[in-house]
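Here the structure comes first, spelled out in structure tokens, and everything after it is commentary.
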Amino acid sequence: MKFFLKKYIKPSLKLIGLYGPMYRLLFTLLNIRTRLTNMFYKTFYKTAPILLYHRISTTFADPLMLCVTPSCFENHLQFLKKNYNIIPLSELSKLLTTGALKGNEVAVTFDDGYRDNLTNALPLLEKYNIPATIFITTGSLGKKATFEWDMKYEESDRAVFLSEEEIRLLSKHPLIEIGAHTETHPHLANISPEKQKIEILGSSFKLEQIIGEKVRSFAYPFGSIYDFNDVSKKIVEQAGFDFGYSNTQSLATMTSDYFCIPRINIRECTVFVLSKKIICRTGGF
């Protein structure tokens with residue numbers, strides 16, 4: 001479906017000048033559907049938001065909205081501390097899969113493994129004693145980020161990936177869990193099973209060499225329902241991971257599917273907007 005949209009529908013809409021309006025309409029409708037679904041879950045089930053951040057940094061421009069400023073991130077942490085029981089992702093995942101969720105839990109995660117997770121995020125996590133999981137792509141450790149989206153940033157604003165020594169340091173921190181996120185951040189559903197194995201197993205093997213222990217969790221790159229498939233989930237399970245995580249903007253509910261636990265992507269936003277996004281009934285402070 002995603003290939004069909006990208007290959008045929010998108011060029012056609014661009015040709016007649018309707019791609020921008022149609023994209024915005026679709027995005028709005030999907031947001032409405034997700035919010036209504038989350039409200040339903042919140043009303044009838046015990047739920048938990050698993051928050052997904054990328055960079056914690058102040059940049060001159062943020063064309064892909066990957067960056068949350070340290071001051072904004074601190075506001076988010078204060079809000080979460082006041083309204084939730086913030087626990088490690090591994091602990092929350094066990095509650096989801098054993099039916100023991102109380103409904104007031106939340107977990108914090110980061111994707112890709114940018115250096116500012118160490119330099120900017122960790123001091124704030126330490127300040128409020130908040131655990132977090134960092135999912136790391138292992139293909140360019142210690143180097144300046146060259147993903148397609150990273151190249152849209154000014155040179156001075158472009159991120160750097162964590163180095164092996166920095167990952168080792170983080171892995172020994174009592175607040176931090178390390179997870180795998182492939183080697184080169186592909187859309188797994190678009191590549192062969194053999195290449196999926198290389199991406200998934202390669203990233204876990206590299207991280208385990210660095211930190212000297214088993215990596216228990218995996219996050220699918222991009223993470224929408226079109227970015228991974230049943231083959232991806234099976235490889236993650238067979239690789240020995242305990243859990244797999246998506247990025248579908250949904251609240252997590254108690255589930256038997258250990259390898260498709262949803263997370264919510266968090267952008268730079270006020271606490272009020274954050275509270276609405278994760279359906280927190282306090283509506284803020």
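Quick look at the numbers
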item: Contact order relative to length of segment 27-106, as percent, for alpha carbon pairs under 8 angstrom and 6 or more apart; result: 32 percent
item: Extension gain from Trp149 to Phe40, taking 0.36 nm per residue of separation minus the Cα-Cα distance; result: 35.9 nm
item: Thr248 long-range amide H proximity, modeled H, under 5 Å; result: Arg263
item: Simple spin-label estimate for Phe205 and Lys82 in nanometres, 7 Å along Cα-Cβ; result: 4.9 nm
item: DSSP-defined antiparallel bridges as percent of all bridges, the chain, nearest 5; result: 15 percent
item: Anisotropy class of segment 133-285 from Cα gyration tensor, a/c 1.5 cut; result: rounded
item: Sites Lys102 and Asp257, calculated FRET efficiency, Cβ-Cβ separation with R0 22 Å, nearest 0.05; result: 0.60
item: Cα-based shape type of the chain, given that a ≥ b ≥ c are square roots of the gyration tensor eigenvalues and the cut on a/c is 1.5; result: rounded
item: Selection of GluC sites (Glu not before Pro), segment 187-268, meeting DSSP coil and at most 11 other Cβ within 10 Å; result: Glu213
item: Label-to-label distance, nm, for residues given as Ser192 and Lys94 (7 Å Cα→Cβ offset); result: 4.0 nm
item: Segment 48-277: relative contact order as a whole-number percent, Cα under 8 Å and 6+ apart; result: 23 percent
item: Neighbour-limited loop hits for trypsin sites (Lys or Arg not before Pro), segment 137-173 (at most 15 other Cβ within 10 Å; DSSP other than H, G, I, E, B); result: Lys143, Arg158, Lys172
item: Separation of the Ser224 and Thr58 label points, Cα + 7 Å toward Cβ, nm; result: 3.3 nm
item: Neighbour cut-off at most 13 other Cβ (10 Å), DSSP loop, chymotrypsin sites (Phe, Trp or Tyr not before Pro), segment 47-146; result: Phe60
item: Segment 224-285 - percent relative contact order, Cα under 8 Å, separation 6 or more; result: 24 percent
item: For Val215, Val236, Val271, order by how many other beta-carbon atoms lie within 10 Å, fewest first; result: Val271, Val215, Val236
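Computed from the coordinates by the stated procedures, all read-outs in this text should not be read as laboratory data. Note that the structure is predicted; figures quoted are calculated from it, not measured. Note: ideal-geometry Cβ built from the backbone for every residue, glycine included; neighbour counts use all protein chains shown.
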